[in-house]
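Engineer: What follows is a structure written as structure tokens; I'll ask about it next.
The values are calculated or read from the model by the stated rules, or taken from the named source; none is laboratory data. All figures in this text were calculated on a predicted structure; none of them were measured in a lab. Every residue, glycine as well, gets a Cβ built from its backbone with ideal geometry; the counts of neighbours run over all protein chains shown.
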Amino acid sequence: MNSCYRGMNSDFAEICNRQIGIVPSTNFSRRFIASEIIVKQLNLEHKLNGHDGCVNAVEFNSTGDLLVSGSDDCKVILWDWARNSKRFSYPSGHLDNIFQTKIMPFTDDQKIVTSAADGKVRLGQVLGDGRVITQMLGEHQGSVHELAVEPGSPHIFYSCGEDGLVQHFDLRNTSARKLFYCTAFAERSRHPPNSIELNAIAIDPRNPNFFALGGSDEYARLYDLRNCRGDVTSSNRVVDTFCPHHLTQTNNFHITGLVFSNSSELLITYSDELIYLFQKNMGLGPSPLTVSSENLLRELKRPHVFSGHRNSATVKGVNFFGPNAEYIVSGSDCGHIYIWKKKGALLVKLMLGDHDVVNHIEPHPHLPILATCGIENNVKIWTPMASDVPPLPDDMEQIMESNKQGREEHSRVTLTPDVIVHVLRLQRRQTSAFTERRYNPADNNSDGENEWEAYNQEALDGSVSFEDDSTEHASECNIS
């Protein structure tokens, strides 16, 4: 059946076609949610206030009715975001900034895994009486910026750290399994090869056997879990690598975030560079250093590029938005939220999301809603508002030009790998010294940590009574 509304405004025609039965209701819902006019109507709905530090992590649960956040205050909050209220909050047990919070699926939102700058991976479990207990699951030597949950699994997830280690966790077991260390490609490294400081890990939802890693060099590496045997002394084979042609073998850029779409597209954001979208056939192969520049230019397709933002001050993520990943979203050092159409890389929305930096943008799993966080001590909820579509800011060109100049000025400063390693070592020493001064060793010795873990395990086993509200180790929270 041909539509009689052909040639009209596409959004209006879509509604008319739905009413007369040309477009099925499910298709209409998905296409209407992804319509550009809906995206352009996004505006600030409200702020979720409750943290006492920068908010670094936000994530919706699988149904989208709850939201979890983690902060520099080492506190985790579960929000009923639509009602602008807390379900509960609890001290995570981390000793430094929380970088990642994940609600494990099919656990009735009762299990939350976290990672932080203290190198620890922890579990927060909600008990039947409303209390939350935490336990350490594993650790890295350095910050753990990201976790990846196996799609649909209530038990299995993975971590990657600045030590280059990838670990496998199964909540049915008590210990983590070390899979492998991600190392630099042989021709560019010393012997033995240096570890890559990892910032990002993502599992392909279309084929969960495959996952990608990104970190302190320019290459995103694709692995097959079936080849990861857990022997950390052996070299695990890389299936494929992805990198923009002009960044190969440069040493000056690194990856801060990456994510897969439902069709296995890989989206990568670089520090002080741009955002790139790769199809599966755009890889450089498992040994990118053997690919010559001539072959790159002649045979390989170039990725789509998304520009205008700046990613320098913090470790930022990047994400898809829309039921079929029709849009790309990113935060920026300029404090703005950028939304591009995936097709054509056109910037369609630019809105102020933080007075300093927007670090992370989390799309709702089913609705055209965003949650964002950054340097400010809150989480912001963005929904389509019933008003006229606001235009792009008048100073958009100046904002984007300023970001571009910042990237170009930074790119002129070239550091050798030895200098970079030296600077990172000094930074870690300063962080370690700060942590020691901040926390009294007498209150945080290993015996105390062991007592904490033993107490939580007893609680999990049901051998601890919670009738006494003055319990020292279990953190109380109010669940409404």
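Engineer: The conditions are (1) at pLDDT below 95; (2) under 21 Å from Tyr270 (Cβ atoms), and Ser330 fails exactly one of them. Which is it?
Structural biologist: Of everything listed in (1) at pLDDT below 95; (2) under 21 Å from Tyr270 (Cβ atoms), Ser330 misses just condition (1).
Engineer: Take the residues of region 284-319 that are surrounded by fewer than 20 Cβ atoms within 10 Å (Cβ to Cβ) and touching a strand residue (DSSP E or B) at 6+ places or on another chain (Cβ under 7 Å): which is modelled with the lowest pLDDT? Write out each step before concluding.
Structural biologist: Of all residues in region 284-319, those surrounded by fewer than 20 Cβ atoms within 10 Å (Cβ to Cβ) come to 285-287, 289-302, 304-305, 307, 312-314.
Adding the requirement that they be touching a strand residue (DSSP E or B) at 6+ places or on another chain (Cβ under 7 Å) leaves 285-286, 304-305, 314.
Working: Gly285: 91, Pro286: 92, His304: 95, Val305: 96, Thr314: 88.
Top of the filtered list is Thr314.
Engineer: If I filter region 351-368 down to residues being buried (at least 22 other Cβ atoms within 10 Å of the Cβ) and more than 14 Å from the chain's Cα centre (by Cα), which single residue comes out as nearest to Gly64 (Cα to Cα)?
Structural biologist: Gly353
Engineer: Across region 95-116, which residue is surrounded by the most Cβ atoms within 10 Å (Cβ to Cβ) among those that are at positive phi and touching a residue at least 40 places away in the same chain (Cβ under 8 Å)?
Structural biologist: Asp109
Engineer: Another question, if that's okay. For region 97-185, which fully contained strands (runs of 3 or more DSSP E) count at least 3 residues that are over 24 Å from Lys75 (Cβ atoms)?
Structural biologist: 165-170, 177-181
Engineer: Can you tell me which residue in region 351-400 is nearest to Lys86 (Cα to Cα), limited to those that are at pLDDT 85 or above and of a type in the set (S, T, N, Q)?
Structural biologist: Asn378
Engineer: For region 322-347, name all the residues that are on the phi > 0 side of the Ramachandran plot and touching a helix residue (DSSP H, G or I) at 6+ places or on another chain (Cβ under 9 Å). Walk me through it before giving the result.
Structural biologist: So in region 322-347, the residues on the phi > 0 side of the Ramachandran plot come out as 322, 325, 335, 344-345.
Gly322 - this is the single residue of region 322-347 that is on the phi > 0 side of the Ramachandran plot and touching a helix residue (DSSP H, G or I) at 6+ places or on another chain (Cβ under 9 Å).
Engineer: Also: Would you point out which residue out of Asn227, Asn199, Asn207, Asn281 is surrounded by 15 or more Cβ atoms within 10 Å (Cβ to Cβ) and at negative phi?
Structural biologist: Going through Asn227, Asn199, Asn207, Asn281 in turn, the sole match is Asn199.
Engineer: Let me ask something else about it. Among the numbered criteria (1) without any contact (Cβ under 8 Å) to a residue 60 or more places away in the chain; (2) of a type outside the set (Ser, Thr, Tyr); (3) out of contact with any helix residue (DSSP H, G or I) (no Cβ under 8 Å at 6 or more places or on another chain), which one does His168 miss?
Structural biologist: The failed condition is (1).
Engineer: Follow-up question, since we're still on this one. Say whether the condition of being surrounded by 15 or more Cβ atoms within 10 Å (Cβ to Cβ) and at pLDDT 95 or above is met by at least one residue in region 171-186.
Structural biologist: Yes, because at least one residue in region 171-186 is surrounded by 15 or more Cβ atoms within 10 Å (Cβ to Cβ) and at pLDDT 95 or above.
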